[in-house]
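Below you'll find the structure, written out as structure tokens, and then a few comments.
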Amino acid sequence: MDLILELYRVEAQARDADLVGTAAHQALRQEHSTRLLARLRAWLAVQTPRHPPKSPMGQALSYATKQWEALTRFVEDARLPLDNNRSEAALRKAALGRKNFLFVGHEAAGENLAGLYALVATCEANGVNPETYLADVLLRVQTHPNSRIAELLPHEWKRRQTTGPPESHLQPSL
């Protein structure tokens with residue numbers, strides 16, 4: 001736990017210095033987190049034979065070892081967070097609503113509701129007002145070229161709002 005705490009301290013240092021997502025953040029990770037991860041990997045190697053593979057600790061150690069590349073990928077790319085807490089929080093909302101989705105009347109309706117829910121969660125994750133986004137995108141999606149549909153994803157839509165929204169055949173040009 002101490003090693004994991006130290007990894008979070010490196011991230012806090014980057015956040016306090018307003019370096020998150022920058023080359024300086026990646027350099028900080030390379031300098032400090034890489035060393036901490038090496039110590040953590042050595043600890044895993046020592047601990048693994050001490051615990052039965054089917055025990056909770058044995059399973060956790062096995063998981064960490066098998067997922068090592070994914071668990072350490074954040075060191076190579078400053079855009080990646082140390083953990084997936086934001087994703088987990090977004091999924092938690094969906095898990096809480098899952099029981100309600102079972103009783104929407106029809107399987108296709110449940111799939112549609114789940115898709116809409118995912119779209120709203122993606123808007124929230126990207127700092128986009130879901131109502132504004134849906135009001136705009138639902139008007140243009142039917143006439144928007146399929147080859148450029150990625151322009152309507154929340155993160156791209158937000159970026160394009162600063163330069164002006166994509167053209168729509170439904171709204172006359174000024």
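The values are calculated or read from the model by the stated rules, or taken from the named source; none is laboratory data. Every value quoted in this text rests on a predicted model; they were computed, and no experiment measured them. Cβ sites come from the backbone with ideal geometry, for glycine too, and all protein chains shown count toward neighbours. Note: accessible area is taken over every heavy atom of the protein model, side chains too, but ligands, DNA and RNA are not part of it. Shrake-Rupley method; radii C 1.70, N 1.55, O 1.52, S 1.80 Å.
Conditions (1) modelled with pLDDT of 95 or more; (2) assigned to a helix (DSSP H, G or I), marked per residue:
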residue	(1), (2)
ILE4	no, yes
VAL20	no, no
ARG29	yes, yes
TYR63	yes, yes
ARG79	no, no
GLU88	no, yes
ALA94	no, yes
ARG98	no, yes
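Matching residues to (1) among the basic types (Lys, Arg); (2) open to solvent by less than 80 Å² (accessible area, probe 1.4 Å); (3) under 23 Å from ALA12 (Cβ atoms):
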| residue | (1), (2), (3) |
| --- | --- |
| HIS25 | no, yes, yes |
| ARG39 | yes, no, yes |
| GLY58 | no, yes, no |
| TRP68 | no, yes, no |
| ALA89 | no, yes, yes |
| ARG92 | yes, no, no |
| ALA114 | no, yes, no |
| LEU119 | no, yes, no |
| VAL137 | no, yes, no |
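Could you check THR48 against (1) modelled with pLDDT of 95 or more; (2) β-branched (Val, Ile, Thr); (3) open to solvent by 70 Å² or more (accessible area, probe 1.4 Å) and say which number it fails?
The one condition THR48 does not meet is (3).
I'd like the full set of residues that are within 15 Å of CYS123 (Cβ to Cβ), part of a helix (DSSP H, G or I) and aliphatic (A, V, I, L, M), limited to segment 136-153.
Selection gives VAL137, LEU138, LEU152.
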